[in-house]
Amino acid sequence: MSSNHWYKDAVFYELNLRAFADGNGDGHGDFIGLIERMDYLVELGVTAIWLMPFYPSPLKDNGYDISDFYNIDPAYGTLDDFKRALAEFHKRGIRVTVDLVVNHTSDQHPWFIESRSSKDNPKRDWYVWSDTDQKYQGTRIIFVDTEPSNWTLDPLTGEYFWHRFYKEQPDLNYDNPEVQAEMLNIMRFWLKLGIDGFRVDAVPYLFEREGQNGENLPETHAYIKQMRAMMDREFPGTIMLAEANQWPKDLMPYLQGGEFHMGFHFPLMPRLFMAVRQHNRRELINILNETPMLPEDLQWCIFLRNHDELTLEMVTEEQRQWMWKEYAPDPRMKLNLGIRRRLAPLLDNDRRRIDLLNALLFSLPGTPILYYGDEIGMGDDIWRYDRNGVRTPLQWDTSKHAGFSTADKIVEEVITDEVYGFHRVNVAAARQDAGSLFNAIRHQISVRKQHQIFGRGDFQILYPANEAIFAFERFLEKPELGATRVLVVANLADSEQEVVLDTSAYGNVAPIDLLTGQVYPNLGSDTYTLRLPAYGYIWLGV
Ligand code: GLC
């Protein structure tokens with residue numbers, strides 16, 4: 001096992017710099033604040049960070065609309081502050097990946113301002129222009145709630161430009177070799193500073209072709225291979241993580257083709273929410289059976305929530321309607337093809353279900369990614385613009401603005417409602433309470449880190465008769481650390497359940513629950529019977 005595969009053992013934390021900690025009192029989260037609060041992440045136990053966009057941006061799309069790829073937005077500090085934060089992370093043994101937004105820029109980016117200025121501007125061809133809005137009809141619209149078309153007419157030259165997201169985010173034209181070369185230079189710029197890799201944004205949409213749906217085109221794969229080859233050659237050991245909201249079969253070429261090291265497993269995520277609501281493992285098993293196990297150098301990335309709406313792109317129409325009915329009873333909760341809510345409110349703030357989903361997140365095959373704030377059970381605000389309601393400041397304590405900032409006015413207001421407001425839900429309180437969600441997650445992470453099997457082991461589903469029980473095995477020959485076999489048993493039901501498992505493959509040994517240290521009766525029988533409380537789970541290790 002090579003330490004080059006560090007990402008296989010990692011526990012990631014998605015960090016929204018803007019809302020994490022304000023160090024200079026101007027109301028914006030920034031790198032100085034992040035450095036001051038960094039030990040919190042060490043305490044939590046995460047080993048890698050995905051840093052959301054911090055580049056100059058008009059913030060139409062929370063920084064995913066970049067106006068300068070080679071800089072830091074002044075609200076967050078300077079390039080030197082970034083370098084310091086990076087060094088501080090590395091000092092603590094935490095790896096840092098940053099967002100690489102490849103598909104588009106802001107419409108305020110100087111390239112686009114030039115491009116739109118005249119049809120014969122040298123930058124014209126850096127974006128996708130057309131005299132008609134009828135091209136590429138097979139391409140779906142992603143932001144269906146706001147964008148009527150992927151084309152927008154630019155009055156300056158009377159032509160349309162192409163955009164897969166907001167019209168303020170024109171797509172770059174990857175048929176232009178200059179664009180291809182420039183994106184590689186942008187990557188080099190950040191890699192030279194010493195980052196450990198990229199979370200690559202909106203991967204499938206780089207090229208447009210007639211008669212196609214505009215996703216996963218061979219040209220896109222060819223370009224990603226170039227990105228990867230450059231990284232391997234010039235910055236060995238750095239990684240790329242794909243944001244490609246696709247079925248496993250469509251994601252596989254991004255992994256196996258010598259492209260990404262890791263890919264988010266989008267279809268698994270909503271099925272975790274289905275399982276705890278249906279009290280049944282069926283949907284989980286179906287998707288996991290469609291999920292190939294990956295070789296030593298590749299990895300799934302699994303998550304419960306992130307900064308976007310809980311996406312329902314990778315479900316059937318019937319499942320989508322069901323998810324909306326169950327998890328988005330108020331129409332404001334819906335956004336595009338998803339649900340704009342945080343983890344705790346989605347699960348009715350029910351600790352048993354939150355703990356259960358975390359226990360699955362940390363034991364299913366793949367590298368887990370936590371979304372900032374979910375480790376203390378933060379709430380959301382569905383009345384805010386776009387997805388801002390799940391991007392509010394991290395609640396540190398009960399002081400002004402939840403300890404996020406000393407400014408009078410802050411960039412995004414803190415959550416103040418009765419259940420999730422910062423007076424009740426905050427880091428300081430969570431730290432003190434031995435039974436808090438924060439401490440439960442910390443414990444799950446620390447146990448996971450003692451057993452390499454979770455990041456690297458094989459995976460096998462068990463099929464006991466009771467379908468409310470989701471049970472699977474992980475196994476790893478000769479781990480450098482920890483158990484060689486773990487049997488995970490989870491009760492998806494809201495009542496106590498009995499399950500009979502065939503454990504004859506194990507031999508007559510007493511397993512222990514890695515999470516509690518409790519010793520269980522000897523394995524080795526084909527009628528090994530367990531009783532689990534409502535939403536209970538165990539990680540039986542041998
Ligand atoms: C990705 C990001 C999302 C953003 C979109 C356009 O899906 O996760 O937040 O809006 O790309 O950049």
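Observations on the structure shown:
- Rounded, prolate or oblate (a/c below 1.5 giving rounded, otherwise prolate when a/b exceeds b/c) for the range 99-165 by Cα gyration tensor: oblate
- Highest-first arrangement of 512-522, 405-415, where packing means the average Cβ count within 10 Å: 405-415, 512-522
- Each of K325, K83 has its accessible area taken with a 1.4 Å probe; listed largest first, they run K325, K83.
- For the range 312-465: rounded, prolate or oblate by the Cα gyration tensor [a/c cutoff 1.5]: oblate
- Over the chain, relative contact order from alpha-carbon pairs under 8 Å, at least 6 apart, %: 12 percent
- Once the Cα atoms are used to define both axes, helix 268-278 deviates from the longest principal axis of the chain by about 50 degrees.
- In the chain, the longest principal axis of the Cα atoms and the axis of helix 317-327 are about 70 degrees apart.
- Extended-chain gain in nm, criterion 0.36 nm per residue less alpha-carbon gap, R531 and D433: 32.5 nm
- Calculated FRET value between D131 and E219, using beta carbons and R₀ = 30 Å, to 0.05: 0.85
- A 1.4 Å probe, protein heavy atoms only, puts the accessible area of R384 near 40 Å².
- For the range 277-358, GluC sites (Glu not before Pro) meeting the loop criterion (DSSP other than H, G, I, E, B) and having at most 13 other Cβ atoms within 10 Å: E290, E296.
- Here's the picture: charge each Lys and Arg Cβ at +1 and each Asp and Glu Cβ at -1 in the range 107-194, and of T157, V179, G194 the one pushed furthest to the positive end of that dipole is G194.
- Nitroxide proxy distance, nm - points 7 Å out along Cα→Cβ at R233 and K325: 5.5 nm
- Prolate/oblate/rounded label for the range 312-390 (Cα gyration tensor, a/c 1.5): oblate
- Percent RCO, i.e. relative contact order, over the range 1-94, from Cα pairs under 8 Å lying at least 6 residues apart: 26 percent
- Simple label model, 7 Å out from Cα along Cβ direction - D494 to H279, nm: 0.8 nm
- Whole-Å distance, taken between Cα centres, linking the range 493-542 and the range 141-184: 54 Å
- Close amide H pairs (under 5 Å, H built 1.01 Å from N) link F459 with F475, residues at least 5 positions away or on another chain.
- Per residue, in Å², the accessible surface of the range 401-514 once ligands and nucleic acids are set aside, probe 1.4 Å: 45 Å²
- In order along the range 511-527, the phi-based Karplus estimate (6.51 cos²θ - 1.76 cosθ + 1.60, θ = phi - 60°) of 3J(HN,Hα) comes to x, 10, 6, 4, 7, 10, x, 5, 8, 10, x, 4, 7, x, 9, 8, 10 Hz; Gly and Pro are listed as x.
- Normalised contact order of the range 32-168, rounded percent, pairs of Cα under 8 Å and 6 or more residues apart: 20 percent
- Helical contribution to [θ] at 222 nm, DSSP H n ≥ 4, -39,500 (n - 2.57), averaged over the chain, rounded to 500: -8000 deg cm²/dmol
- Our estimate of slack between E477 and E178, defined as 0.36 nm per intervening residue step minus the Cα-Cα distance, is 102.9 nm.
- Efficiency of FRET from Cβ geometry, T78 and M293, R₀ 30 Å, rounded to 0.05: 0.10
- Greater than 21 Å apart at Cα, pairs in K60/K334; K167/K409; K91/K478; K249/K334; K83/K123; K135/K225: K167/K409; K91/K478; K249/K334; K83/K123; K135/K225
- Relative to the longest principal axis of the Cα atoms of the chain, the long axis of helix 218-234 makes an angle of roughly 80 degrees.
- Nitroxide proxy distance, nm - points 7 Å out along Cα→Cβ at R92 and K192: 2.8 nm
- From phi via Karplus (6.51, -1.76, 1.60), per-residue ³J(HN,Hα) for the range 49-54 in Hz, x at Gly/Pro: 10, 10, 8, 5, x, 10
- Under the Karplus curve 6.51 cos²θ - 1.76 cosθ + 1.60, θ = phi - 60°, whole-Hz ³J(HN,Hα) for the range 376-382, x wherever Gly or Pro sits: 10, x, 5, x, 9, 9, 6
The values are calculated or read from the model by the stated rules, or taken from the named source; none is laboratory data. Everything quoted here is computed from the prediction, not taken from an experiment. A quick note on method: Cβ atoms are made from the backbone with ideal geometry, for glycine too, and the neighbour counts reach across all protein chains shown. These area figures cover heavy atoms from the full protein model, side chains too; ligands, DNA and RNA do not enter into them. Shrake-Rupley method; radii C 1.70, N 1.55, O 1.52, S 1.80 Å.
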